[in-house]
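Laboratory data are not the source of any read-out in this text; all were calculated from the coordinates shown. Only a predicted model underlies this, so the values are computations on that prediction, with no experimental measurement involved. Positions of Cβ are generated from backbone atoms using ideal geometry, with glycine treated the same way; all protein chains shown enter the neighbour counts.
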Amino acid sequence: MDTADTRPKPAKPLFECKEFFVTKWSDPARKPFKLEIRASFAGKKLRSFWDSEEEAISVGSQLVDQIRNQGRQSIETGGLTVKAAVAQFLPRVEGSSKSHRQKTEQICGILKERFGAMSLKAIGPEHVESIMRKGETNGTTQAGYFRYLRMFFRWAERRDMIDRNPMRAIDCPTSRPLRNILTPEDLETVLALEMPKWLRATVLLGAFAGLRSEEMVRMNWEDIDTKAEQIHIRPGVQKDSGGFFERIVDMMPPLIRRKEEISGVGKLVPVVGRKLHTYRERYILGPMDWKEWPKNCLRHSFATYHLAKTKNPGLTAFQMGHTSPAMVQRVYAVPAKKADWRKWWAL
């Protein structure tokens, strides 16, 4: 008696080109989208299965480029794919700070996007360097990429997932933090501009208390105690950077002289965080003839002039929410002349 053929029937390709095609696959034991690299291109048929049509097409394009540039042997190195290794690595940072998780996820996302279908063992220094050159000329950014890539490949090496660590052939880029420091004259001009009260308050709190933009977006006016002359950075407002969960910032004389300008009720910043930059552009960039907002200029300026006045890195670090005094000097502050810091705090 004839038995029915239960094998999955070939399906019409959802996508095809001369090097590969993608079809919907009906075998429940497999992922639903089959990618097949044609034997006419690769020398033999190469099949793999993926969760979505878009993913299969993306991987197909990656594999075609890899075979064309490095030969089929680069795919047949064996072991885990980059995508599978990333999936095993990411859970390691679940209990870390928000900043560390985001940076790890960013680097792992780039690895997966560019080389997800490749064998992890096939990743060489040239692949890593292409990530570090990803449109970035800033040495600090490249150094950050290097540290997180090194962390990933050290982890893979310790678990014998790779035979050689590509990071050993790469030197760490020089990290030179970009410090944007305003002069007292710059700030005096900014404060003379017409702008909403809440926007002026963010300028004052950044320049004279060292608050982060993201902290001010989360704050309420009531966190500013003008009677006690202190600012409470509550849990949930303080940046999740592995430092303090909350802090009390003492007001410096320029804020004490402007208590009315930093008093109010409700949310300090009445717009969503990404809109803060839009308001800075509208009310400050144009009149100041700046092409763009100098990144972290208020906080960096506070660090510079506060450290110059107090000569106390520990106090400056505490006011800024850092546990490391060395970070203030390494990342934020630059030397300031006595005449400049005196002008700053006299504003």
**Prompt:** Using 1/(1 + (r/R0)^6) with R0 = 56 angstrom and r between the beta carbons of GLU53 and GLU222, what's the FRET efficiency to the nearest 0.05?
**Reply:** 0.60
**Fill in**
Taking Cα pairs closer than 8 Å and at least 6 residues apart, the relative contact order of the stretch 13-62 in percent is 31 percent
**Complete:** Dividing the helical contributions, -39500 (n - 2.57) per DSSP H run of n ≥ 4, by the residues of the chain yields a 222 nm value, nearest 500 deg cm²/dmol, of -12500 deg cm²/dmol
**Request:** Would you mind checking LYS18/LYS44; LYS31/LYS98; LYS24/LYS83 for any pair whose Cα atoms are more than 23 angstrom apart?
**Result:** LYS31/LYS98
**Helical segments meeting 30 Å axial Cα length and Kyte-Doolittle 0.0 threshold in the chain (DSSP H)** = none
**Asked** So how far apart, in nm, are the two label points at ARG168 and ARG72 if each is 7 Å from Cα heading toward Cβ?
**Response** 3.1 nm
**Request:** Go ahead and set up a Gaussian network model of the chain, Cα springs under 10 Å, then flag whichever of TRP221, TRP290, TRP198 fluctuates most.
**Result:** TRP290
**Request:** Please find the FRET efficiency linking GLU229 to ARG92, where r is the Cβ-Cβ separation and R0 is fixed at 30 Å, and quote it to the nearest 0.05.
**Result:** 0.10
**Request:** For THR141 paired with GLU105, estimate the spin-label separation in nm (one decimal), with each label point 7 Å from Cα along the Cα-to-Cβ line.
**Result:** 2.0 nm
**Item:** Total charge dipole magnitude, the chain, about the Cα centre, Cβ charges on Lys, Arg, Asp, Glu only, Debye to nearest 20
**Value:** 540 debye
**Request:** Work from the charge dipole of the chain (Cβ charges, +1 for Lys and Arg, -1 for Asp and Glu, about the Cα centre) and give the residue of VAL272, MET216, VAL93 farthest towards its positive end.
**Result:** VAL93
